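J.: Submitted below is the structure of interest, expressed as structure tokens.
The values are calculated or read from the model by the stated rules, or taken from the named source; none is laboratory data. As the structure is a computational prediction, the values presented were derived from the model and not from experiment. Every residue, glycine among them, receives a Cβ derived from its backbone with ideal geometry; neighbour counts consider all protein chains shown.
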Amino acid sequence: EAGVTQFPSHSVIEKGQTVTLRCDPISGHDNLYWYRRVMGKEIKFLLHFVKESKQDESGMPNNRFLAERTGGTYSTLKVQPAELEDSGVYFCASSQSGGGFNEQFFGPGTRLTVL
Amino acid sequence: RKEVEQDPGPFNVPEGATVAFNCTYSNSASQSFFWYRQDCRKEPKLLMSVYSSGNEDGRFTAQLNRASQYISLLIRDSKLSDSATYLCVVKMPGSARQLTFGSGTQLTVLP
């Protein structure tokens, strides 16, 4: 079974440009999460989708970040305009629904560099 | 104060050694606790959940002390393949499913 996939694996852009990251969760997983790790810091939560709905976007840093999950399948995270401090690794994770503990499976990440 | 604190290391140990990692968390109402493993430039992967009664999986033993808000991971008989960054992860109280990560402890097992 395919795991969580992310595209692109690397992106290098200039300050002020726009970048869109894509995440394809594990098939059948209703929950989709975005996290990021900026240089020297811990991995931090950005937001959580349940199907197509934003369940929790408390971690989104500012309104330059826009996440969507149309149709409740794949998700995109757009950064517009990108700033230097946005550089880091953006991870997507997915998990099943239901009560109890549902393991979050992480994708390989997109390494974003803003010059 | 960080929500989850870990000693960043690095820990450099010889093969066969026993090594222990510690982690503290700030929110006493935290619900669930985990150790994730992250290899260099790879994604985090769940190593094991941590229960109050303690749990063991082969060479790995995890312990939780709720009174002290302290989590530990013990690795016995270290292998070269254990070299990685070990992330202490906490799920905060409430309905939110988000995970809160420590900054990780880097382990290198030397031949």
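J.: Assuming B:Ser78 fulfils every condition listed in (1) within 14 Å of chain A (Cβ to nearest Cβ); (2) crowded, with 17+ Cβ neighbours inside 10 Å; (3) not in a strand (DSSP E or B) apart from one, which condition is it?
T.: Checking B:Ser78 against (1) within 14 Å of chain A (Cβ to nearest Cβ); (2) crowded, with 17+ Cβ neighbours inside 10 Å; (3) not in a strand (DSSP E or B), the one that fails is (1).
J.: Name, by its number, the condition in (1) in contact with a helix residue (DSSP H, G or I) (Cβ under 7 Å, 6 or more places away or on another chain); (2) facing chain B (nearest Cβ under 8 Å) that does not hold for A:Val114.
T.: It fails just one condition, (2).
J.: Please find, within the range A:48-104, the residue that is farthest from A:Val19 (Cα to Cα) out of those that are of a type in the set (Phe, Trp, Tyr) and assigned to a loop (DSSP other than H, G, I, E, B).
T.: A:Phe101
J.: Any chance you could count how many residues in the range B:37-47 are at pLDDT 95 or above and more than 9 Å from chain A (Cβ to nearest Cβ)?
T.: Selection size over the range B:37-47: 3.
J.: When you check B:Ser72 against the structure, is it part of a strand (DSSP E or B) and within 14 Å of chain A (Cβ to nearest Cβ), yes or no?
T.: no
J.: Among the residues in the range B:13-34, are any in contact with a Pro (Cβ under 9 Å, 6 or more places away or on another chain), closer than 30 Å to A:Cys23 by Cβ and surrounded by 14 or more Cβ atoms within 10 Å (Cβ to Cβ)?
T.: Yes.
J.: Let me ask another. I'm checking my understanding of the structure. Among residues of the range A:33-67 that are of a type in the set (Phe, Trp, Tyr) and within 12 Å of another protein chain (Cβ to nearest Cβ), which one is farthest from B:Val89 (Cα to Cα)?
T.: Within the range A:33-67, the match that is farthest from B:Val89 (Cα to Cα) is A:Phe49.
J.: What number of residues within the range B:65-89 satisfy the criterion of being closer than 18 Å to B:Ser53 by Cβ and either touching a residue at least 24 places away in the same chain (Cβ under 8 Å) or not hydrophobic (A, V, I, L, M, F, W, C) (or both)?
T.: Summing the residues that are closer than 18 Å to B:Ser53 by Cβ and either touching a residue at least 24 places away in the same chain (Cβ under 8 Å) or not hydrophobic (A, V, I, L, M, F, W, C) (or both) in the range B:65-89 gives 9.
J.: Say we look at the range A:47-67 and pick out the residues that are free of Cβ contacts under 8 Å to residues at least 24 places away in the same chain, closer than 17 Å to A:His29 by Cβ and out of contact with any His (no Cβ under 9 Å at 6 or more places or on another chain); which of these is surrounded by the fewest Cβ atoms within 10 Å (Cβ to Cβ)?
T.: Per the stated criteria, the residue is A:Ser53.
J.: Within the range B:1-55, restricting attention to residues that are over 14 Å from the mean Cα position of the chain (by Cα) and assigned to a strand (DSSP E or B), which residue is nearest to A:Tyr35 (Cα to Cα)?
T.: For the range B:1-55, the residue satisfying everything is B:Asn12.
J.: Is it the case that some residue within the range B:64-73 is under 10 Å from the mean Cα position of the chain (by Cα) and at positive phi?
T.: No: zero hits.
J.: I'd like to check something: does the range B:84-98 contain any residue that is among the small types (Gly, Ala, Ser), closer than 21 Å to A:Lys41 by Cα, out of contact with any helix residue (DSSP H, G or I) (no Cβ under 6 Å at 6 or more places or on another chain) and more than 10 Å from chain A (Cβ to nearest Cβ)?
T.: Checked the range B:84-98: at least one residue is among the small types (Gly, Ala, Ser), closer than 21 Å to A:Lys41 by Cα, out of contact with any helix residue (DSSP H, G or I) (no Cβ under 6 Å at 6 or more places or on another chain) and more than 10 Å from chain A (Cβ to nearest Cβ).
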